[in-house]
Amino acid sequence: MGKKTHKTKNVVSAKSEDLNLLDNLDSFFEKHEKIFLWISLVSGAIISFLMFDCKVSLSGDDCDYVVNAQNFINHFAYPGGRGALYPIVISPFLIGGLNLILLKSLSAVFILLSMWFMYKAFRGAVPASVLMPVLLITNICPYIFFYASYTYSEPFFMLTQSLFIYLFSTYFCNREQTDSLPLKIDWKKFLFIGFCFLAMGLTRTIGYAVMGAIIVYFCFQKQWKNLICSLVASVFVFVLFSILKSAVWPESGAAYNINNYLAKNFYNIEQGMEDLPGFVNRLVVNSHIYLSGFLYKFMGFRSSSDLPFDNIPVLTVITYMLFTGCIIITFKRNRSLFFTGIYVGVMNFASFVLLQTIWVQDRLIMIYYPLMLLFILGGVYYLLKNKALKKLTGIYPLILIVLFIGTGLHLKDKVARNLPVLQQNISGNDLYGLTPDWENFIRMSQWANDHLDKNAVIASRKPSMSYIYTGREFFGLFNVPNDALENVIRQFEEGKDEYAFLIMDINRTKIQELSPYVQHILIAKTGGNFSINNEKADAAVIYKINKALLENGYLINGLDQNNVNYTLDHETFISQYINDKNNNYQIINPDLLLETIKGGNIKYLLLPKIRVYTPQNTGRYINTIHQYISFIQTKYPDSFKIIHSIGKEEICEIAEYTGP
């Protein structure tokens with residue numbers, strides 16, 4: 001009996017020793033799982049309110065989604081230009097009129113639902129001491145819930161993403177499943193994956209990259225039949241939708257041309273396609289921006305201050321090494337985490353390669369943050385489960401505590417900044433918190449709506465934002481259209497016998513008598529180096545003058561007497577632009593701009609001084625419509641007049657078109 005009792009005690013003792021700190025944490029979180037789930041979701045709901053912003057974003061992108069939704073519900077117009085599914089989903093909430101607060105609140109609902117599906121996807125598949133802390137930390141992350149009060153597509157994308165992860169994890173990440181699913185029985189499951197593929201792509205174009213994650217996962221698992229069936233189902237759903245779209249909305253076209261992403265400049269495809277070194281540079285630069293920058297800011301390890309970040313290349317390298325290590329660790333330990341790692345890896349890789357490096361926006365990686373955090377903590381968890389690292393298990397709860405404290409400190413800072421603004425907005429001061437440039441722009445939009453002819457066309461640099469605050473449609477003037485260099489050269493060739501082409505520095509002398517003869521204005525962009533008679537000229541104007549007018553020498557003598565820097569040698573001058581391979585110039589045709597004004601029946605133009613650098617008034621402002629007026633008046637003076645202005649600083653004016 002004594003020996004038997006002694007043996008039993010040893011067995012119990014051994015079992016107790018096998019249970020380490022991580023096992024105890026799992027037991028604790030499993031026991032209180034529901035409590036932590038509801039604490040997380042309620043925390044998210046409360047933070048959504050504390051960080052609520054009653055105003056629209058300054059980019060105006062969120063306004064575009066609302067306008068597209070309005071056009072869909074009122075005119076059944078397909079939402080083009082951006083992800084179409086999100087405007088379609090929110091469009092029923094516009095029945096009866098525009099309620100901006102309601103639409104904004106939907107974003108909070110989408111985020112909380114995404115967290116719920118994330119819980120459903122990983123419950124029982126991922127250790128509770130990983131899943132529940134991740135849910136809690138992400139539900140107090142201010143950078144996620146900042147977007148809970150904006151009508152961007154990111155919150156809805158997070159919902160479609162979580163739904164996809166839930167379905168895919170349920171169908172294909174079961175440890176007991178080693179073979180492909182039987183098609184006759186489970187064909188619906190592949191169709192569901194196809195619908196998720198389409199939904200993600202229709203919400204955000206990058207969502208189509210999810211197919212890359214599916215392919216990589218099935219290749220690792222050697223489930224070729226599942227791979228083929230998923231591809232066929234996704235292609236079938238996509239083609240079926242394309243046929244339906246072509247039949248119902250034949251003129252809708254594609255949201256974006258893939259060539260824009262592959263171009264050196266998304267907004268000016270004429271600069272040519274990006275080469276391999278260019279894509280590699282995008283990958284490197286974007287990795288620094290979004291990994292060593294935004295990712296660690298989300299986790300609370302970097303300052304909550306505004307951009308720009310200081311690049312920390314070593315942190316980017318460490319992140320890639322950590323990610324690779326987690327992929328290796330989870331490959332055989334946890335299929336759900338392994339697929340999650342592949343998914344966020346593929347999606348971020350596609351983003352870093354395709355995104356222009358000037359698009360420094362935290363929302364581009366925010367949508368993956370909960371899954372990235374889950375994957376990394378899951379990898380660390382399984383690493384510390386290794387018997388050789390048994391004594392280091394205390395590191396894991398320490399990491400959780402640091403993440404929670406860091407996130408909490410950032411949350412405290414963000415809420416403290418937002419609460420005074422929210423209180424003012426709720427009390428009726430709906431524009432409180434805006435800088436003077438934006439406030440004056442919105443107030444001028446409202447003034448124009450209230451005081452000008454209801455049928456008059458008004459041009460705005462941010463037409464969707466003007467619409468949100470007035471309910472009136474505005475004409476969008478987003479950029480100054482360029483003329484082609486070939487047109488300038490053709491003009492020279494066709495008129496060389498009858499006309500002389502006088503070229504002078506527009507910034508040095510403006511001769512009003514020559515205004516009717518203006519043909520083109522050439523502007524040197526940053527990096528451009530052009531000259532007239534070996535003297536640098538940032539902007540040159542080309543006049544097309546009948547040679548008969550130059551015969552008496554009066555004009556030329558006047559230019560010489562006033563020391564005007566000019567040339568009649570148009571061939572030598574234009575050769576500088578022909579030889580410039582970097583397109584460091586902009587060619588403006590005043591008549592082309594005037595055609596836009598006349599073609600759009602534009603009667604009034606808003607002239608806000610929107611800051612180039614939003615946090616501070618540096619004196620530089622976005623002057624697109626100012627340029628329209630200035631260039632047109634170079635040839636047609638007195639074509640516009642200012643009829644009203646608002647503001648004491650960074651004023652916004654409105655001009656009336658009175659010209660030819």
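The values are calculated or read from the model by the stated rules, or taken from the named source; none is laboratory data. The structure displayed is predicted, hence computed values, not measured ones. Ideal geometry is used to build each Cβ from the backbone, glycine not excepted, and the neighbour counts take in all protein chains shown. The protein model used for the area step is the full one, side chains on, heavy atoms only, and it has no ligands, DNA or RNA in it. Shrake-Rupley method; radii C 1.70, N 1.55, O 1.52, S 1.80 Å.
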**Item:** Under 23 Å from the Cα of LYS462 - lysines, other chains or at least 8 residues apart
**Value:** LYS55, LYS104, LYS454, LYS598, LYS603, LYS609, LYS641, LYS648
**Fill in**
Two pseudo-spin positions, 7 Å from Cα along C-beta at GLU473 and at LEU419, lie apart in nanometres by 4.5
**Message:** Under the 0.36 nm per residue contour assumption, what length would be gained going from the current alpha-carbon distance of VAL314 and VAL42 to full extension?
**Reply:** 94.2 nm
**Message:** Using all alpha carbons of the chain, what is the percent of pairwise distances in each 10 Å bin, ordered from the shortest bin to the longest?
**Reply:** 3, 12, 20, 22, 17, 12, 7, 4, 2, 1, 0, 0, 0, 0
**Request:** Pull up all non-local amide H partners of ASP483: gap of 5 or more, or a different chain, and H-to-H distance under 5 Å with H placed in the peptide plane.
**Result:** ILE587, ILE588, ASN589
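Among VAL284, VAL56, VAL67, what's the order by accessible area (1.4 angstrom probe), most exposed first? Present the calculation step by step, with values, prior to reporting the outcome.
Details: VAL284 70, VAL56 10, VAL67 35 Å².
The most accessible residue leads, giving VAL284, VAL67, VAL56.
Could you compute the FRET efficiency for GLU498 and LEU98, with r as their C-beta to C-beta distance and R0 at 60 Å, rounded to 0.05? Before the final figure, lay out the partial values.
Numbers: r = 57 Å, r/R0 = 0.95.
The value I calculate is 0.55.
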**Fill in**
From highest to lowest solvent-accessible area (probe 1.4 Å; ligands, DNA and RNA excluded), LEU98, LEU514 read LEU98, LEU514
**Complete:** Excluding residues fewer than 8 positions from LYS188 in its own chain, the lysines with Cα under 30 Å of it are LYS120, LYS222, LYS225, LYS245, LYS332
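Tell me the mean residue ellipticity at 222 nm calculated for the chain from its helices only (DSSP H runs of n ≥ 4, each -39500 (n - 2.57), averaged over every residue, nearest 500).
Numbers: 26 runs with 366 residues, N = 660.
Calculated at 222 nm, the ellipticity per residue is -18000 deg cm²/dmol.
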**Message:** Just to confirm the number: angle between the C-alpha axis of helix 624-635 and the first principal axis of the chain, 0 to 90 degrees, nearest 10?
**Reply:** 10
**Request:** Taking the chain as the reference, fit the longest principal axis to its C-alpha atoms, fit the long axis of helix 128-138 to the helix C-alpha atoms, and give the angle between the two in degrees, 0 to 90, nearest 10.
**Result:** 30
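Using the heavy atoms of the protein chains alone and a 1.4 angstrom probe, what is the accessible area of the chain per residue in square angstrom? Please list the in-between numbers first.
Working: 31490 Å² over 660 residues.
Computed with neighbouring chains in place, this is 48 Å² per residue.
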**Message:** If I fit a long axis through the Cα atoms of helix 224-248 and take the longest principal axis of the Cα atoms of the chain, what angle between them do I get, 0 to 90°, rounded to 10?
**Reply:** 40
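Peptides 198-205, 225-232, 417-424: what's the order by average Cβ count within 10 Å, highest mean first?
Working: 198-205: 22.4, 225-232: 18.5, 417-424: 15.0.
For the peptides 198-205, 225-232, 417-424, the packing ranking is 198-205, 225-232, 417-424.
Using Cα-Cα distances under 8 Å and only pairs 6 or more residues apart, what relative contact order does the chain have, in percent? Present the calculation step by step, with values, prior to reporting the outcome.
Details: 916 pairs, mean separation 82.4, N = 660.
It rounds to 12 percent for the chain.
Antiparallel DSSP bridges in the chain: what percent, to the nearest 5? Mind dumping the intermediate values first?
Details: 33 of 39 bridges.
Around 85 percent of the beta bridges assigned by DSSP in the chain are antiparallel ones.
How do 104-115, 628-639 rank on mean C-beta neighbours within 10 Å, highest first? Each step should come with its number before you reach the end.
Details: 104-115: 21.2, 628-639: 18.5.
Averaged packing, sorted descending, gives the order 104-115, 628-639.
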**Fill in**
Ranked output for segments 562-570, 326-334 by mean other Cβ atoms within 10 Å, highest leading, reads 326-334, 562-570
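May I ask for the net charge around ILE643, where only other residues with Cβ less than 9 Å from the Cβ of ILE643 are counted and Lys, Arg are +1 while Asp, Glu are -1? Show your work: numbers first, answer last.
On the way: positive: LYS641; negative: GLU653, GLU656.
Overall, the nearby charge balance is -1.
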**Summed side-chain charge close to GLY300 - residues other than GLY300 whose Cβ falls under 13 Å, Lys, Arg +1, Asp, Glu -1** = +3
**Item:** Calculated FRET efficiency for the pair HIS75/SER305, C-beta based, R₀ 56 Å, to 0.05
**Value:** 0.80
**Heavy atoms of GLU653: accessible area, 1.4 Å probe, square angstrom to 10** = 50
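With all protein chains present, how much of the accessible area of the chain (probe radius 1.4 Å) comes from carbon and sulfur, to the nearest whole percent?
Working: 18400 of 31490 Å².
The nonpolar share, carbon plus sulfur, comes to 58 percent.
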